[in-house]
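Step one of this worksheet: look at the structure below.
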Amino acid sequence: SQRTLVLVKPDGVQRGLTGQILARIEAKGYTLSQLKLVNASREVLEQHYAEHQGKPFFEPLVQFMLSGPVVAAVVEGDRVIEGFRILAGATEPTTAAPGTIRGDLGRDWGEKVQKNLVHGSDSPESAEREIGIWFG
Ligand code: ATP
């Protein structure tokens, strides 16, 4: 089995979609092994998004992620890293396929950041790194 870090971003929490998003993860058959509601610090976000430092959307992204609480979860299951990214859908909510979290629940809002409801780790190395950042 494998594990991944999932975040319900501030737009998902503010819109009251946390339950629906976690329900989709559970309905797929994955297990929630750690779960918390947190106000992220700038330090945590700069570590989490280190690969995006210097990009034009970096500062708006950090500001967005500081705008309200996020739900952080460790999710487990066979091939869960790939499986959750398919459940989440493409980065841009406008073009994310229907049936996915972003495609069903998200849209564009004309802002500098893609408010796309969720994050999921993109590799086993990222997952272990990100779980360490969020859960210590
Ligand atoms: P995915 O990998 O599924 O596309 P992600 O969350 O891993 O999603 P990243 O490329 O790691 O995407 O980008 C991190 C976050 O930064 C995105 O989820 C989105 O909120 C924001 N973002 C990424 N690219 C852009 C962009 N070109 N313009 C605005 N915001 C962006």
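The values are calculated or read from the model by the stated rules, or taken from the named source; none is laboratory data. The structure presented is a predicted model; accordingly, all values stated were derived computationally and were not measured. Cβ: placed from backbone, ideal geometry, glycine included. Neighbour counts: every protein chain shown.
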Are any of the residues in the range 35-43 within 13 Å of the ligand (Cβ to nearest atom), surrounded by fewer than 20 Cβ atoms within 10 Å (Cβ to Cβ) and modelled with pLDDT of 95 or more? no
Here are Gln47, Gln14, Gln2: which of them is without any contact (Cβ under 8 Å) to a residue 60 or more places away in the chain and either surrounded by 13 or more Cβ atoms within 10 Å (Cβ to Cβ) or in contact with a Leu (Cβ under 7 Å, 6 or more places away or on another chain) (or both)? Gln14
If you go through Gly132, Gly83, the only one that is within 14 Å of the chain's Cα centre (by Cα) and either touching a residue at least 12 places away in the same chain (Cβ under 8 Å) or not in a loop (DSSP other than H, G, I, E, B) (or both) is Gly83
Would you confirm whether any residue within the range 75-96 is of a type in the set (Ser, Thr, Tyr) and farther than 25 Å from Gly132 by Cα? yes
Being among the aliphatic types (A, V, I, L, M), within 13 Å of the ligand (Cβ to nearest atom), part of a helix (DSSP H, G or I) and exposed (fewer than 12 other Cβ atoms within 10 Å of the Cβ), is that true of even one residue in the range 53-72? no
Is there a residue being acidic (Asp, Glu), loosely packed, with under 12 Cβ neighbours inside 10 Å and closer than 22 Å to Ala127 by Cα anywhere in the range 88-111? no
Would you check which residues across the range 86-108 are closer than 17 Å to Val8 by Cβ and either touching a Lys or Arg at 6+ places or on another chain (Cβ under 8 Å) or touching a residue at least 40 places away in the same chain (Cβ under 8 Å) (or both) and list them? Leu87, Ala88, Gly89, Thr91, Pro93, Ala96, Ile101, Leu105, Gly106
